[in-house]
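A.B. asks: Okay, here's the structure, questions in a sec.
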Amino acid sequence: MKNPSVDTHLLPAERAGDEPLLAVDNLHVEFQTRQGVVRAVNGVSYSVDAGETLAVLGESGSGKSVTAQAIMGILDMPPARIPKGEVRFHGTDLLTMPDDARGQIRGRRIAMIFQDALSALNPVFTVGWQIGEMFRVHQGMSKRDARRKAVELMDRVRIPGAKSRVDDFPHQFSGGMRQRIMIAMAIALDPEILIADEPTTALDVTVQAQIMGLLAELQQESDMGLILITHDLGVVADVADKIAVMYGGRIVENASVFDGYRAPAHPYTKGLLESIPRVDLKGQELYAIKGMPPNLLDMPTGCAFHPRCPYRKENCVTDAPPLYTVSDTRGSACHYWREVLDDGSN
Ligand SMILES: Nc1ncnc2c1ncn2[C@@H]1O[C@H](COP(=O)(O)OP(=O)(O)O)[C@@H](O)[C@H]1O
Ligand SMILES: [Mg+2]
C-alpha cells in the first residue's frame, strides 16, 4: 500500500489486480432544474491506471466537471441525481459505498484540483498554514511538523525558496505559483488518483506548459493515475497517454493520444484538433467548429453532433451512433468513422 499511515483497510477487490485503478462505467448524472431535467452525463465510461494520464477533452458544458464531481462524490444531491452507473476504485463501486468509507477516500486516495483553484486559497492565512492544514486535520500532526511538511511540499512542486516563503500570503505569489500551492495541497496525502480540472485555464501559455510539466513529473515520481480535464487539446498532447472526448454528456471518441492526435476517428475530435493554435502556422486563420454545443434540455435527435457535422448524412439525424469499436484501444461514436479516419491519415 502506498499510504499505510493514512489508510489501513483495503477495499474488498483491492488485491484482485484485474480491475483498472479507477473505472467510470456507464455513468449518468442529471440535474432537476426549473426548466426541466438537465442530462449532463449520459453513459460515460472511462478508466485510468496507476502511472497513466487520461485527458478528458471537450468544449465547455460537455459534462467533464460533473463527471469528475461524481467521481469525487461532491455533487449536491439534489439537485443532482445519479440514476445509473458505477465509479469503481480498485474494483469497488464508490457510489454505493457508505459515506464514512467514501470520506476516507475523498481527498486522500483520490484528490482533485478544481477549476477555480486560484480563488480557492484563503487570503487571510499563510500558504504554509493552508498546506499544513492537510496534515493537521487529516493526520493530527502538530503545527510544527505540519509546517515542515508544507515546506517539503512547496519544494516538491518546485516553488523557489520554499523555506523563506512558507509564511507568505497567497497574494504574494503569482498565478502560476498559487496553482503550484493548490497542487501541493492536492498531493499532500499522496493520492493514488489526481483529477486536475482545467488546472491551467487562467494562466498564460508559458506557465500552462510549466504546470503541465510539473503534473507529469509528480505523476512519474509517485505513479499516480492522472485525469486531466481540459477544453484545450494543445496543452495535454505532450503529457497524456490517452484521451476521452466528450460531447453533450457522452464520450464520442476514446483513443491513445498517439492515434487520436495523428488521425481522429470522430468529426468532433477532428474539429477540436483543427482549432488548436499552431505556432508553425502563424497568421493562418484558425478553424473553429461552427455552431454551438447542444442544449442539454433539448438535445438534437440522432447524433447530438449532427447539426455541426461536415460528415452528416441522413441517418445521423435519426440514429444515435453507439461507440463503435475502431480497434481494441479505440472507440468512436460516429457512423462514418472510417471516412473521418481516412481523411485524417492523408
Ligand atoms: N448544479 C447544476 N444544476 C443544473 N445544471 C448543472 C449543474 N451543474 C452542472 N450543470 C450542467 O451540466 C452541464 C455540464 O457541466 P460541466 O460538467 O460543468 O461541463 P464542462 O466541465 O464540460 O464544461 C452543463 O450544461 C451545466 O450547465
Ligand atoms: Mg468544467
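Computed from the coordinates by the stated procedures, all read-outs in this text should not be read as laboratory data. Treat the numbers as computed from the prediction; the structure is a model and nothing was measured. Virtual Cβ from ideal backbone geometry, glycine too; neighbours counted across all protein chains shown.
A.B. asks: Given a cut-off of under 8 Å on Cα pairs at least six residues apart, what relative contact order in percent is computed for the chain? Numbers along the way, then the final one.
C.D. replies: Values: 649 pairs, mean separation 67.8, N = 346.
Result for the chain is 20 percent.
A.B. asks: Treat each spin label as a single point 7 Å out from the Cα along the C-beta direction, and report the Gln32 to Thr201 distance in nm.
C.D. replies: Result for the modelled spin labels: 2.8 nm.
A.B. asks: Based only on other Cβ atoms within 10 Å, what is the fewest-to-most ordering of His171, His138, His335? If you can, show how the numbers build up before the last one.
C.D. replies: Details: His171 8, His138 14, His335 20.
Fewest to most other Cβ atoms nearby, the residues stand as His171, His138, His335.
A.B. asks: Could you tell me which of the pairs Lys242/Lys290; Lys242/Lys313; Lys64/Lys313; Lys290/Lys313 are separated by over 19 angstrom between their Cα atoms in the structure shown? Kindly include the intermediate steps, with their values, before the conclusion.
C.D. replies: Numbers: Lys242/Lys290 26 Å; Lys242/Lys313 29 Å; Lys64/Lys313 28 Å; Lys290/Lys313 17 Å.
Violating the 19 Å limit, Cα to Cα: Lys242/Lys290; Lys242/Lys313; Lys64/Lys313.
A.B. asks: Separate question: In region 171-200, whose amide N lies under 13 Å from the spot 7 Å out along Cα-to-Cβ of Arg158? List them in ranges.
C.D. replies: Within reach of a label on Arg158: 177, 180.
A.B. asks: With point charges of +1 on the Cβ of Lys and Arg and -1 on the Cβ of Asp and Glu, referenced to the Cα centre of region 152-263, which listed residue (Leu226, Val157, Ile187) lies farthest in the positive direction of the dipole?
C.D. replies: Farthest towards the positive end: Val157.
A.B. asks: For region 19-240, what class follows from the C-alpha gyration tensor (a ≥ b ≥ c being the square roots of its eigenvalues): rounded when a/c is under 1.5, otherwise prolate if a/b is larger than b/c, else oblate?
C.D. replies: Values: a/c = 1.71, a/b = 1.49, b/c = 1.14.
Here region 19-240 falls in the prolate category.
A.B. asks: Pull out a ≥ b ≥ c, the square roots of the eigenvalues of the alpha-carbon gyration tensor of region 54-128, then state rounded if a/c is under 1.5, prolate if not and a/b is larger than b/c, and oblate in the remaining case. Intermediate results must be reported in sequence, preceding the final value.
C.D. replies: Details: a/c = 1.85, a/b = 1.31, b/c = 1.42.
Oblate, because a/c is 1.5 or more while a/b does not exceed b/c.
A.B. asks: Return the FRET efficiency for the residue pair Glu274, Ser60: r is the Cβ-Cβ distance, R0 is 22 Å, and the value is rounded to the nearest 0.05.
C.D. replies: Working: r = 18 Å, r/R0 = 0.82.
So the FRET efficiency works out to roughly 0.75.
A.B. asks: Same structure, new question: Please compute the modelled spin-label separation between Asp190 and Thr301, points set 7 Å along Cα→Cβ, answer in nm with one decimal.
C.D. replies: According to this spin-label approximation, the distance is 5.7 nm.
A.B. asks: Still on this model: Please compute the modelled spin-label separation between Asp343 and Asp167, points set 7 Å along Cα→Cβ, answer in nm with one decimal.
C.D. replies: 6.2
A.B. asks: Expressed in nm to one decimal, what extension gain is obtained for the pair Arg144 and Gln210 from 0.36 nm per residue of sequence separation less their Cα-Cα distance?
C.D. replies: On the way: separation 66, 0.36 × 66 = 23.76 nm, distance 3.06 nm.
The span from Arg144 to Gln210 would gain 20.7 nm if fully extended.
A.B. asks: Kindly work out what percent of the DSSP beta bridges joining two residues of the chain are antiparallel, to the nearest 5. Numbers along the way, then the final one.
C.D. replies: Values: 30 of 49 bridges.
Taking every DSSP beta bridge within the chain, about 60 percent pair in antiparallel fashion.
A.B. asks: Say the dipole of the chain comes from +1 at the beta carbon of Lys and Arg and -1 at that of Asp and Glu; which of Thr325, Val41, Phe125 then lies farthest toward its positive end?
C.D. replies: Phe125
A.B. asks: With axes computed from alpha carbons, what is the tilt in degrees of helix 205-222 against the longest principal axis of the chain, rounded to the nearest 10 within 0 to 90?
C.D. replies: With both axes taken from Cα atoms, the answer is about 70 degrees.
A.B. asks: OK, next. If you place +1 on the Cβ of every Lys and Arg, -1 on the Cβ of every Asp and Glu, and leave all else neutral, what size is the dipole of the chain about its Cα centre, to the nearest 20 Debye?
C.D. replies: 780
A.B. asks: With the chain treated as a Gaussian network of Cα nodes joined by springs under 10 Å, which of Gly107, Gly291, Gly302 yields the largest mean-square fluctuation?
C.D. replies: Gly291
A.B. asks: If each residue's Cβ is checked for other Cβ atoms within 10 Å, how do Arg178, Arg88 rank with the fewest at the top? It would help to have the intermediate numbers written out before the result.
C.D. replies: Working: Arg178 22, Arg88 19.
Sorted ascending by nearby Cβ count, the order is Arg88, Arg178.
A.B. asks: If you don't mind, another one. For Cα pairs less than 8 Å apart in space and 6+ apart in sequence, what is the mean separation divided by the residue count of region 285-346, i.e. the relative contact order in percent? Can you show the working numbers first?
C.D. replies: On the way: 53 pairs, mean separation 13.8, N = 62.
Once normalised by length, the contact order is 22 percent.
A.B. asks: Could you list which residues have their amide H under 5 Å from that of Tyr324, counting only those 5 or more apart in sequence or on another chain, with H placed in the peptide plane?
C.D. replies: Ser332, Ala333, Cys334
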